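Notes for the one structure printed next.
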Amino acid sequence: NPSGSAPQHRLLQRVQDVAKYSIKTSHPRFMNQQFGGVDYHALAGRFLTEALNTNLYTYEVAPVFVLMEAEVLRGLRQLVGWTEGDGLFCPGGSASNMYAMNIARYQHFPEVKSQGLCGLPRLNIFTSSDSHYSVKKGAAFLGIGTDNVIIVEVDEGGRMIPDDLDEKITLAKSQGAVPFFVSCTSGTTVRGAFDPLDLIADVCEKHKLWMHVDAAWGGSVLFSKQHSHLLKGVYRANSVSWNPHKMLVAGLQCSALLLQDTTDLLRKCHSANATYLFQQDKFYDLNLDVGDKSVQCSRKVDCLKLWLMWKAVGSIGFAEQIQCFLLKKCLVPVFVCLHGQPEFVNVCFWFIPPSMRGKEGMADYQDRLAKVAPVIKERMMKQGTMMVGYQPLGNKVNFFRMVVFSPLLTQKDMDFFLDEIERLGKDL
């Protein structure tokens with residue numbers, strides 16, 4: 001071809017190859033991460049978003065989506081328990097957590113925006129040992145430093161211990177640091193634990209610290225009256241991150257940062273007042289130009305997919321979906337469970353190969369057990385039968401973490417999963 005372009009049939013083959021060799025994250029046996037499945041209302045929203053190809057920074061180029069984002073964020077805030085507030089859709093839960101950290105620092109030290117870090121005291125952030133790694137990444141990114149992230153102990157289920165938080169805040173103050181931010185977790189990445197928010201809020205109020213709830217994974221249970229108790233006290237937080245692309249299956253990416261603040265902190269913290277975008281003599285309400293709330297200039301429309309889903313199934317439909325997911329975890333009779341009945345849909349367990357059963361007293365038992373999960377994972381990946389994650393945690397050697405929330409998951413898939421683990425590991 002003189003132009004160098006591929007013939008249409010070859011191009012189609014390339015597209016088919018991309019699909020063939022990619023991981024099918026919508027398959028019910030993809031239990032590797034906290035996303036997967038597909039909702040066709042959300043998918044329609046994603047197609048339309050791409051086709052319209054607009055930028056969510058000014059009302060003049062995205063009038064429908066500026067209003068839609070505000071409405072969706074309002075609905076999510078109401079579920080948290082706030083009648084007023086602010087928010088933004090962000091490029092993932094990690095970004096939402098970093099935004100919260102930056103806004104909290106600005107509230108305590110507004111001069112940081114213009115003067116930078118040189119005049120600040122040593123700041124401390126507090127989070128649990130089971131929290132998401134984005135807390136440390138955010139501390140590094142914002143110049144706070146990972147050494148200034150103070151790790152709070154967790155109980156046997158992976159929940160932050162409020163008394164330890166209180167003690168460590170007091171200790172940090174005595175050492176000359178300035179505590180300013182506590183990041184709780186509602187639905188930890190590995191164990192799916194929910195920190196006791198009410199008790200943590202008491203500590204934050206006592207010390208006058210910003211309380212952030214990373215509910216990227218667990219926030220969607222707020223739709224369920226039966227399970228919303230897992231986030232009891234969330235309304236007392238200053239900020240919440242929530243990823244509908246996880247448990248609501250809205251599709252990557254769909255991540256909201258919610259704020260209780262009504263003083264426009266989000267805009268004050270991040271605005272640069274670019275006159276080529278945010279002219280002050282426009283004919284409409286300038287508050288509709290939301291771009292200066294964001295550290296990004298270009299920002300994708302992530303609200304349409306969730307808006308369409310919500311319109312299609314309603315809050316009741318979401319509640320039924322959450323209830324269905326939380327029932328499915330009960331279908332899994334696991335081999336050796338990490339900490340009893342799981343609190344959420346993260347089912348963590350060890351597979352004990354036949355050659356190791358009844359030999360827990362062996363000196364090298366833990367070393368041998370640590371090697372089981374990586375080998376089984378390699379075999380399942382190469383054979384393409386399913387996908388499930390594994391990891392160590394603290395003093396616990398490698399164990400599997402099965403994320404049970406695909407809308408398509410059935411008892412047959414659960415049975416297959418257990419049989420396949422047994423088949424892949426029986427000779428170890």
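So, by mean Cβ neighbours within 10 angstrom, what's the order for 395-408, 18-31, 71-84, 213-226 with the highest one leading? Please list the in-between numbers first.
On the way: 395-408: 19.7, 18-31: 14.3, 71-84: 17.2, 213-226: 25.0.
Descending packing order for the listed peptides: 213-226, 395-408, 71-84, 18-31.
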If you take the square roots of the eigenvalues of the alpha-carbon gyration tensor of the chain and sort them as a ≥ b ≥ c, do you get rounded (a/c under 1.5), prolate (a/b over b/c) or oblate? oblate
Taking θ = phi - 60°, what integer Hz values does the Karplus form 6.51 cos²θ - 1.76 cosθ + 1.60 yield along the stretch 145-160, in sequence order, with x for Gly and Pro? x, 5, 5, 9, 8, 8, 8, 9, 5, 10, 7, 5, x, x, 9, 4
Distant-in-sequence amide H partners of GLY87 (H built 1.01 Å from N, under 5 Å): LEU259
Percent carbon-and-sulfur accessible area, the chain, ignoring ligands, DNA and RNA, probe 1.4 Å: 56 percent
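Ranked from the most accessible area to the least, with a 1.4 Å probe and all protein chains present, what is the order of LEU56, LEU171?
Order by accessible area, largest first: LEU171, LEU56.
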Tally Lys and Arg at +1 and Asp and Glu at -1 over the other residues with C-beta under 15 Å from the C-beta of PRO392: what net charge comes out? +4
Using only DSSP helix segments of four residues or longer, with each worth -39500 (n - 2.57), what per-residue ellipticity at 222 nm results for the chain after dividing by its residue count and rounding to 500? -12000 deg cm²/dmol
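Using a Förster radius of 22 Å, what is the FRET efficiency between GLU50 and GLN296 based on their Cβ-Cβ separation? Nearest 0.05, please.
On the way: r = 18 Å, r/R0 = 0.81.
It comes to 0.80.
Taking K and R as +1 and D and E as -1, what net charge do the other residues with C-beta under 15 Å from the C-beta of GLY233 add up to?
Values: positive: ARG159, LYS206, LYS232, ARG236; negative: ASP195, ASP198, ASP202, GLU205, ASP214.
Every neighbour counted, the sum reads -1.
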Amide H contacts under 5 Å for ASN398, restricted to residues at least 5 apart in sequence or on another chain and with H modeled in the peptide plane, are none
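Under 1.5 on a/c is rounded, so check that first for the stretch 207-251, then, if it is not, pick prolate when a/b is larger than b/c and oblate when it is not; a ≥ b ≥ c are the square roots of the alpha carbon gyration tensor eigenvalues.
Values: a/c = 3.77, a/b = 1.53, b/c = 2.46.
Judged from the Cα gyration tensor, the stretch 207-251 comes out oblate (a/c at least 1.5, b/c at or above a/b).
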In whole Å, how far is the Cα centre of the stretch 48-93 from that of the stretch 361-394? 42 Å
Return the sequence-ordered ³J(HN,Hα) values of the stretch 16-31 in whole Hz as given by the Karplus equation 6.51 cos²θ - 1.76 cosθ + 1.60 applied to θ = phi - 60°, using x for Gly and Pro. 5, 5, 4, 5, 4, 9, 8, 6, 8, 6, 8, 5, x, 8, 8, 10
The chain, Gaussian network, Cα under 10 Å: of GLY138, GLY176, GLY92, the residue fluctuating most is GLY176
Can you give the extra length, in nm with one decimal, that the chain gains between LYS206 and ASP427 once fully stretched, where that is 0.36 nm per residue apart less the Cα-Cα distance? 74.0 nm
Non-local amide H neighbours of TYR390 (under 5 Å, H modeled in plane, Pro and chain starts lacking H): which ones? ARG401
For the chain the mean separation of alpha carbon contacts under 8 Å (6+ apart) over residue count, i.e. relative contact order in percent, is 21 percent
Between the stretch 222-255 and the stretch 166-206, what is the C-alpha centre distance in whole Å? 19 Å
Give me the accessible area of THR275, 1.4 Å probe, in Å² rounded to the nearest 10. 110 Å²
I want to check the label-to-label distance for ASP198 and GLU320. Put each point 7 Å from Cα in the C-beta direction and report it in nm to one decimal. 3.1 nm
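Just add up the charged neighbours of LYS136: K/R +1, D/E -1, any other residue whose Cβ is under 15 Å from the Cβ of LYS136.
Working: positive: LYS137; negative: ASP130, ASP147, ASP214.
Cβ neighbours under 15 Å give a net charge of -2.
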Let me spell out the model: positive unit charges on the Cβ of Lys and Arg, negative unit charges on the Cβ of Asp and Glu, origin at the Cα centre of the stretch 114-249. What dipole size does that give, in debye rounded to 20? 460 debye
Please work out how much accessible surface ASP163 shows to a 1.4 Å probe, ignoring ligands, DNA and RNA, in Å² rounded to 10. 110 Å²
Karplus (6.51, -1.76, 1.60) ³J(HN,Hα), θ = phi - 60°, over the stretch 168-182, in Hz, Gly and Pro reported as x: 6, 5, 4, 5, 4, 4, 5, 9, x, 7, 10, x, 9, 8, 10
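The values are calculated or read from the model by the stated rules, or taken from the named source; none is laboratory data. Computed from a prediction, not measured in an experiment: that's the story for all the values here. Virtual Cβ from ideal backbone geometry, glycine too; neighbours counted across all protein chains shown. When the accessible area is computed, the model is the full protein with side chains, heavy atoms only, and any ligands, DNA or RNA have been set aside. Shrake-Rupley method; radii C 1.70, N 1.55, O 1.52, S 1.80 Å.
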